[in-house]
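Some notes on the structure that comes next.
Where a number appears in this text, it was derived from the coordinates with a stated rule and is not lab data. These figures come from a predicted structure and were not determined experimentally. Heads up, the Cβs are rebuilt from the backbone with ideal geometry, glycines too, and the neighbour counts pull from every protein chain shown.
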Amino acid sequence: MTPRLSVALHAVSVRRGGKWALRDVSLRLKAGERWALIGGNGAGKTQLLKLIGTDVWPTPTGRETRAYRLGRRRVDVIEAKQRVAYVGAELQDKYARYGWNLSVTDLLATGIHRTDLLQQRVSARQRREVDAMLARCGLGDLASRRFLSLSYGQKRLALLARALIQDPDWLLLDEFYNGLDMNYRRRIDALLAQAAERGQSWVASAHRAMDVPPGTAAVIELKAGKIVSTKRLTATDLEALATRAAEQPPPRTRVRGAASATAAPTRALRRPRLLLRIAAADLFVDYREVLRNVNWQLNQGEHWAVFGANGAGKSSFLKLLHGDLSPALGGSIERAGFPRGTPIEAWKRQVGLVSPELQTDYGVDVTVLELVASGRYASIGLNAAPTAADRHHAHRWLKFFSLLSVAGRRPRELSYGQLRRALFARALAGNARILLLDEPLTGLDPRQRAAIKRLLERLMREKITLVIAVHHREDLPRGMTHGLELHNHRATRVDVHAAT
């Protein structure tokens, strides 16, 4: 049998943005092992995965060593890199950020060539390999589709197929299950089970027990850039990971004069004030029908949960509400207090948005403080230096989300979870009266998920209206009043059950 790659790190450190992302990390990963990687936001999980995968180089300290072996033969970093494949939200975002809109067939072919873009002709043999992998991953019907036109789950599965076609010794899966419905999770579980049968290894970072791939046998725990434990993964570890969020108390910081956590919810208004109404709306994205004949309205005091499988149109629906998409001819959208012809920017200043796509857009060269301040203008970045008022509002929310220490860094220097918290701070800095949240807890550790849920409950009492798209009902704060199910291009009102 061809030997698989093993990795040994000793006293390795990584410095990013003036801070130590990893410090004195020593780790031995043997061929055939499968690890979970856990730790809070900013603990250094993504940096450790990139370090293993050779995409990040150790910061010289004079003590560090990094060794790769095939059996007893030591190999250099260039050869090791060919045997490792990284997949995660950051890679998925990269395609959108740079506009790499390959067909799914060509995307998989880049995996064979180990390039970002297709730089050489695909041979007949390689085309057969691609077709076989498309069939194996259930992507045959999407072969000619453009990557950026796919749903979130379809993109993630396509990137896994691109990784698998490389036949890597190690899969580095960075919060890989985030944003996926149960159908896609089962499909990915089956593909990883096949990988394990072939002797392939993985390190999979996760915040939830359900995001640890079946077959994972050991766990690495990181804290503040240091490994605090490595051990066999037990059922007790998974149970602790599953319950950790519920064990955390709500944050004590008061929000805009909010009542205490034990105060009774605000009573519904006798005559709800209309905020937004959609009538007879068909919605198309890239000439593909997403939603058909939507009739729906949002009133003050209502809080809607939006459900649906990957590809059902949840993100597109929120974009319609935000003003990034418009109904097809014949449909209408009415925004109370904003007559027809009002610039959409005026509406957006009243609406806060947090979404994976917005997170992708923040590749601009701004500081985290400027990112948060831009929420006051519903812009991506700022057109001028932040004012004193901008800095005041940004500072307040950076402090609330424990981000003051990274205020001067760039978005791409943050962990995925830190950047998600910064986007929450951005949404709140503008004093929005409506919050549109697309899988808002994705990438957050258990403590942060619990804190954000409690924050959302307080905002409801502040009469801020929430519309939240989720896969996991446990991600909903208490107090949601209505539910909307998107399925087969239709939007249907359903019962909603408050979580936790």
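Things to note:
- Neighbour net charge for HIS489 - beta-carbon separation under 14 angstrom, K R +1, D E -1: +1
- In a reduced charge model with +1 at each Lys and Arg Cβ and -1 at each Asp and Glu Cβ, the chain shows a dipole moment near 1020 debye about its Cα centre.
- The trypsin sites (Lys or Arg not before Pro) of the stretch 334-379 that DSSP puts in a loop, and whose beta carbon has at most 13 other beta carbons within 10 Å, are ARG340.
- Extended-chain gain in nm, criterion 0.36 nm per residue less alpha-carbon gap, MET182 and ARG473: 103.5 nm
- Taking Lys and Arg as +1 and Asp and Glu as -1, the other residues whose beta-carbon sits under 11 Å from that of LYS19 total +3.
- Karplus-derived 3J(HN,Hα) values for the stretch 54-59, using 6.51 cos²θ - 1.76 cosθ + 1.60 with θ = phi - 60°, are 6, 7, 10, 9, x, 6 Hz; glycine and proline are entered as x.
- Residues with amide H under 5 Å from that of GLY308, placed H, sequence gap 5 or more: LEU486
- With Cα atoms, 0 to 90° folded angle of helix 124-136 axis to the chain main axis: 50
- Inter-centroid distance (Cα atoms) of the stretch 40-65 relative to the stretch 327-387, Å: 35
- Estimated FRET transfer efficiency (THR360, ARG136; beta-carbon r; R0 30 Å; 0.05): 0.60
- A crude spin-label estimate for the pair LYS399 and GLN297, with each label 7 Å from Cα along the Cβ direction, gives 4.2 nm.
- For Cα extents along the principal axes in Å, the value computed from the atomic coordinates appears in the list (1) 80, 57, 44; (2) 75, 49, 47; (3) 160, 62, 37 under label (2).
- Between helix 416-429 and the chain: long-axis angle, C-alpha atoms, 0 to 90°, nearest 10: 10
- Each peptide in 293-301, 421-429 was scored by the mean count of other Cβ atoms within 10 Å over its residues; highest first, the order is 421-429, 293-301.
- Ordered by the count of other Cβ atoms within 10 Å of each Cβ, fewest first, MET182, MET480, MET133 give MET182, MET133, MET480.
- Value in Å of the Kirkwood radius, where the stretch 5-247 supplies the Cα pairs that are averaged: 18.6
- Residue-wise HN-Hα couplings along the stretch 142-147, as the Karplus relation 6.51 cos²θ - 1.76 cosθ + 1.60 with θ = phi - 60° gives them from phi, are 9, 3, 8, 6, 7, 4 Hz; Gly and Pro carry x.
- Rounded D (µm²/s) - the stretch 274-494, Kirkwood Rh over Cα pairs, Stokes-Einstein at 25 °C, 0.890 mPa s: 138
- Rounded to the nearest 10 degrees, the angle from helix 182-197 to the longest Cα principal axis of the chain is 10 degrees.
- Environment charge at GLY337 (Cβ cut-off 11 Å; Lys +1, Arg +1, Asp -1, Glu -1): +2
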